[in-house]
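The values are calculated or read from the model by the stated rules, or taken from the named source; none is laboratory data. Because the structure is predicted, anything quoted here is derived from the model rather than measured. Counting neighbours? That spans all protein chains shown, and the Cβs are built from the backbone with ideal geometry, glycine included.
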């Protein structure tokens, strides 16, 4: 018996975030999922979750905090102000998109807090400026629950093959 | 005469988790219990027991909270959207299986406290998700 499950991290956390940013930037900023940097243009945004932590466990649901890391990379051979200004402008725009979509929408989505931003981090990428944007996202998932069937005298209901009779809780 | 005791870590905890995951994934995801790392296929799970804490109780039963790691490995040479989607699909399925099925066996208060995602340092080309879980069992 396979349980029914959602692809929570991909479908509920990563994809809505990417789609909101893609809607804003159109093709001007390639956005992709990966743990490693991909050289796919003058500038790009890499999205990847680093971890998740349980916030609350209820009887039939669990709420997690997903820590999402986004690396904005702009390639520049010159150490100039122009590239720096483009980076600051794009990162501010990303921050505004996140603020404007902090909850609600077609998919329930909630940023636990506004993102933290580190500029000019060393991500090991040659000839580039990199900003790291960290976004905490909350999501609650209802899960299926199964129990053994218990008879009126507190015994488990055992089938002829020795397995237990299992029912949805 | 020797006391009658239950091998709680083996029977009540690790084999229970192993059984729940095997029932759900069948042969598509091999599940092992081990302390050491070794490649066991394109995707596999390793269960590692870490520690247990006693729960103070007035009942004449031994109640403990067990802390374990479940490491999920998946090879990803293509590194594209589809493989990332597949990786997280299995992660979510493991998480929901733990919450949904484990209470059928004599364990309770199961919690996936955290999951960290990384590229494995030891096995090149593998993605890795480390589940930190805790659960209680009484014997």
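Checking residue B:69 against (1) touching a helix residue (DSSP H, G or I) at 6+ places or on another chain (Cβ under 7 Å); (2) away from chain A (no Cβ under 12 Å); (3) closer than 27 Å to residue A:11 by Cα, which single condition isn't satisfied?
(1)
Without any contact (Cβ under 8 Å) to a residue 60 or more places away in the chain, loosely packed, with under 15 Cβ neighbours inside 10 Å and not in a helix (DSSP H, G or I) - does that describe any residue in region B:5-12?
For region B:5-12, residues without any contact (Cβ under 8 Å) to a residue 60 or more places away in the chain, loosely packed, with under 15 Cβ neighbours inside 10 Å and not in a helix (DSSP H, G or I): present.
I'd like to check something: does region B:40-51 contain any residue that is within 21 Å of residue B:135 (Cβ to Cβ), over 10 Å from the mean Cα position of the chain (by Cα) and in a loop (DSSP other than H, G, I, E, B)?
no
So which residues in region A:59-97 are free of Cβ contacts under 8 Å to residues at least 60 places away in the same chain and in contact with a strand residue (DSSP E or B) (Cβ under 8 Å, 6 or more places away or on another chain)?
Passing the criteria: A:73, A:74, A:75, A:76, A:83, A:84, A:86, A:87, A:91, A:95.
So which residues in region B:85-127 are assigned to a strand (DSSP E or B), buried (at least 18 other Cβ atoms within 10 Å of the Cβ) and in contact (Cβ under 8 Å) with a residue 40 or more places away in the chain, if there are any at all?
B:126, B:127
Out of B:104, B:115, B:84, which single residue is more than 23 Å from residue B:19 (Cβ to Cβ), facing chain A (nearest Cβ under 9 Å) and touching a helix residue (DSSP H, G or I) at 6+ places or on another chain (Cβ under 9 Å)?
Of B:104, B:115, B:84, the one residue that is more than 23 Å from residue B:19 (Cβ to Cβ), facing chain A (nearest Cβ under 9 Å) and touching a helix residue (DSSP H, G or I) at 6+ places or on another chain (Cβ under 9 Å) is B:84.
If we only count strands (runs of 3 or more DSSP E) wholly inside region A:1-118, which ones have 2 or more residues that are within 13 Å of chain B (Cβ to nearest Cβ), surrounded by 14 or more Cβ atoms within 10 Å (Cβ to Cβ) and on the phi < 0 side of the Ramachandran plot?
Of the strands (runs of 3 or more DSSP E) lying wholly inside region A:1-118, those with at least 2 residues that are within 13 Å of chain B (Cβ to nearest Cβ), surrounded by 14 or more Cβ atoms within 10 Å (Cβ to Cβ) and on the phi < 0 side of the Ramachandran plot span A:31-33, A:43-58, A:61-75.
Run down A:111, A:32 and say which single residue is in contact with a helix residue (DSSP H, G or I) (Cβ under 7 Å, 6 or more places away or on another chain) and under 26 Å from residue B:95 (Cα atoms).
Of A:111, A:32, the one residue that is in contact with a helix residue (DSSP H, G or I) (Cβ under 7 Å, 6 or more places away or on another chain) and under 26 Å from residue B:95 (Cα atoms) is A:111.
Quick one: residue B:48 ticks every box in (1) under 30 Å from residue A:37 (Cβ atoms); (2) in contact with a strand residue (DSSP E or B) (Cβ under 9 Å, 6 or more places away or on another chain) bar one, so which box is it?
Of the numbered conditions (1) under 30 Å from residue A:37 (Cβ atoms); (2) in contact with a strand residue (DSSP E or B) (Cβ under 9 Å, 6 or more places away or on another chain), the odd one out for residue B:48 is (1).
Which residue pairs have Cβ atoms under 6 Å apart, sit 6 or more places apart or on different chains, and have a first residue in region A:126-145 that is outside any strand (DSSP E or B) and a second that is modelled with pLDDT under 90?
Short answer, once both residue conditions are applied: A:127/A:77; A:143/B:99; A:143/B:100; A:144/A:3; A:144/B:100; A:145/A:60; A:145/A:169; A:145/B:100.
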